[in-house]
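Reviewing the structure listed below.
The values are calculated or read from the model by the stated rules, or taken from the named source; none is laboratory data. These numbers come from a predicted model, not from an experiment. Neighbour counts are summed over all protein chains in view; Cβ atoms, including those assigned to glycine, are modelled from backbone coordinates with ideal geometry.
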Amino acid sequence: MSTGQTNRTRTSIRALQVIILGLTLIVLGRIFYLQIVEYEVYAALGQENSVRQEYVDPARGLIYDRNGNLIVDNEPIFSITITPSLFDKSNIPLLADLLGVSDSLLTTKVQEAQQYSWHRTSRLFTEIDFPTFSAVQENLWQLPGIGHQIESKRHYPTEMKASHLLGYLREANENEYRQSETIRLGDKIGKSGLEMIYEDSLRGELGIRYLKVNAFGQALGEFEGNEIGRNPEQGSNIITTIDTELQIFAEKLMEGKRGAVVAMNPNTGAILAMVSSPTYDLSKLAGRLDQDYWQAINADSTTPLYNRAISSRQPPGSTFKPLMGIIGLHMGIITPQTKIYNSGAYVRGRAYRDLAPVGEYDLKKAITFSSNTYFFSLMDKIASQGKLNEWSSLVKDFGLGVASNVDLPNANSGLIPDSTYLNRRLGERRWGLGDLINFGVGQGMVSVSPIQIAQMTSIFANGGYRVKPHLVQVFKHPDGSISRLRTESTRIDWLRDEYLEVVKAGMRGVVTEGSGRWYANHPNIEIAGKTGTAQNPHGMDHGWFTSYAPLDNPEIVVTAFVENAGFASTSAAPIASLVIEKYLQGEITRPYVYDYVLNFEPKEEEDEQPAPQLNQPAQNE
């Protein structure tokens, strides 16, 4: 071997030695860093090989009424959990026997847990009674992979039902927990009402804890040095606008009836009470679902899960007439002094019936005595002048035919037709005056929900501001901070005070002279209102009454809607007036009206029997 080759070999060997030495120093340095410098961090992480990670559910936020009374809280329940990778399926018969369920049901639940995650712990059964829970606990040594959690379910400490307001919780479905980083198999989430709308605020944030486990996966206690875990954060508490006492009272008035009541502050939009009847029992939907009850209320022909206060679409009937008057004044088609003669029917191609007494009517009198002829004539002129679309736009300014934006799910926008809609529904140029004239008395294609009529009435009461109906006013966060929701209102810039004056005078007349005088008039409270009948082709007509009080400085608007009840003056009007009386006076001083409502029976005849001490009700509404 030549001298040159020898030198090159030695150089290569030295280079290789340097590389090996360098790599060795790097590895040793890294070991020193991990074992000495970062010992506390990585020692804890290393322990995860012998510990089990568990999620800790946060306490769900509480719900209070406007006066600080607790209306929804939490009570503890026991849940059985499973970690599928540690569970031996041969133990299914033993566990099923302890839980008191069939092997097939347990097998299905185990498969669901496996599909969710093989290694993550998830709920197997919730709301286990204490004897069953104890029996499982005593046999955990035979059931690797089975554990437990102490959780909570919703509890309702007052007599108030408010089921359509508060809403219920149900287990998240597969799509919901697959699409979420925070929702797990078995987690319950809001499925209706405020629980659904404010789910993110009420839910809180999950905590994480680590438990020491043995070779069988059985917990041996908390893992010390649990700095890699985190505490759960409670959900935010909610303070609502609901007046519990008023809500309970309104619910009592609606027992045995189908319909809705909405009571709200006309100046802020705060909902004081909201009832949809029939209702359902929230307590039976808390915790483990009562399957028989759930199936029963879903199959019930009276649809108790349906929130009639915000989701129903009904013709507003004569409650629409005050708004028609305002629009007629704004368009210049009528003045407060414009008089129209009622002969008992408005004839335009055919006769449109009018139950108001024969005679001349100006706007105030037409509202007070609910003359159909006056408003048929007004709608006739609007349509004949090609102002249908302008009319539709003006109506929508009052919250009809558009979203109310109330903080509840499934609110219906209703329908206020325009030419585009009629072309789509009936065909181009295939509609005419006969399709439009009924709009003037709140019939035909016009449809609204009770909360929309309450919103419209609030505009009359507060002097021209459209307020947003809402149920929540304050959030109290876990860190002690408070968030207040801002009241939203919009001035209707084209609405003049003189328009409102004549309409409000007419609505006051309804209660003192018209169809509302028998059951809505109160000796100590000046109430203004309007009755209305929604025609029903499938049975008795529906009754409306929308109202506000006191007359000069309104504090409350109440809209009542009763299905298949016949005349509004004897069905809806007494309910609304009692709610007003209860709110403003704190007590009922007309027991005969209260007893009449509780024992109300619908009548189609025009010679309805009045409550004791009252005279015969008017026949026109």
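General observations
- Taken over segment 236-275, residues that are among the polar types (S, T, N, Q) and under 12 Å from ILE556 (Cα atoms) amount to 3.
- The sole residue among LEU329, LEU408, LEU355 that is assigned by TED's automatic domain parsing to the domain that holds SER447, within 22 Å of ILE459 (Cα to Cα) and in a loop (DSSP other than H, G, I, E, B) is LEU408.
- Total residues in segment 511-547, condition under 20 Å from GLN443 (Cα atoms) and among the aliphatic types (A, V, I, L, M): 2
- GLU555 under 15 Å from VAL261 (Cβ atoms), in the same structural domain as VAL593 (by TED's automatic domain parsing), touching a residue at least 40 places away in the same chain (Cβ under 8 Å) and surrounded by fewer than 24 Cβ atoms within 10 Å (Cβ to Cβ): no
- Some residue of segment 117-124 being surrounded by 15 or more Cβ atoms within 10 Å (Cβ to Cβ), touching a helix residue (DSSP H, G or I) at 6+ places or on another chain (Cβ under 6 Å) and farther than 25 Å from PRO58 by Cβ: no
- Filtered residue count, segment 506-544, keeping only those that are buried (at least 17 other Cβ atoms within 10 Å of the Cβ) and either aromatic (Phe, Trp, Tyr) or assigned to a helix (DSSP H, G or I) (or both): 9
- Of the residues making up segment 125-142, those that are farther than 28 Å from GLN291 by Cα and either surrounded by 13 or more Cβ atoms within 10 Å (Cβ to Cβ) or hydrophobic (A, V, I, L, M, F, W, C) (or both) are ASN139, LEU140, TRP141, GLN142.
- Taken over segment 479-513, the criterion of being farther than 30 Å from PRO574 by Cβ and over 24 Å from the mean Cα position of the chain (by Cα) is satisfied by ASP479, GLY480, SER481, ARG491, ILE492, ASP493, TRP494, LEU495, ARG496, ASP497, GLU498.
Rundown of residues vs (1) within 16 Å of LYS161 (Cα to Cα); (2) in a strand (DSSP E or B); (3) among the hydrophobic types (A, V, I, L, M, F, W, C); (4) at pLDDT 95 or above, yes/no style:
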position: GLU195; (1), (2), (3), (4): yes, no, no, yes
position: ILE208; (1), (2), (3), (4): no, yes, yes, no
position: GLY221; (1), (2), (3), (4): no, yes, no, no
position: GLU227; (1), (2), (3), (4): no, no, no, no
position: ILE238; (1), (2), (3), (4): no, yes, yes, yes
position: GLN247; (1), (2), (3), (4): yes, no, no, yes
position: GLU251; (1), (2), (3), (4): yes, no, no, yes
position: ALA260; (1), (2), (3), (4): yes, yes, yes, yes
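- Matching residues, segment 273-319, being in contact with a Gly (Cβ under 9 Å, 6 or more places away or on another chain), of a type in the set (Ser, Thr, Tyr) and assigned to a helix (DSSP H, G or I): SER318, THR319
- Strands (runs of 3 or more DSSP E) fully within segment 449-489 counting 3 or more residues that are farther than 30 Å from ILE327 by Cα: 472-476, 482-484
- Unmet requirement for GLU498, which otherwise passes all of (1) part of a helix (DSSP H, G or I); (2) surrounded by 15 or more Cβ atoms within 10 Å (Cβ to Cβ): (2)
- Residues satisfying the stated conditions in segment 411-440, i.e. assigned to a loop (DSSP other than H, G, I, E, B), surrounded by fewer than 20 Cβ atoms within 10 Å (Cβ to Cβ) and hydrophobic (A, V, I, L, M, F, W, C): ALA411, TRP431
- Apart from one condition, GLU159 fits all of (1) outside any loop (DSSP other than H, G, I, E, B); (2) surrounded by fewer than 22 Cβ atoms within 10 Å (Cβ to Cβ); (3) of a type outside the set (Ser, Thr, Tyr); (4) modelled with pLDDT of 95 or more; the exception is (1).
- Among the residues of this structure, SER180 counts as one that is at pLDDT 80 or above and surrounded by fewer than 18 Cβ atoms within 10 Å (Cβ to Cβ).
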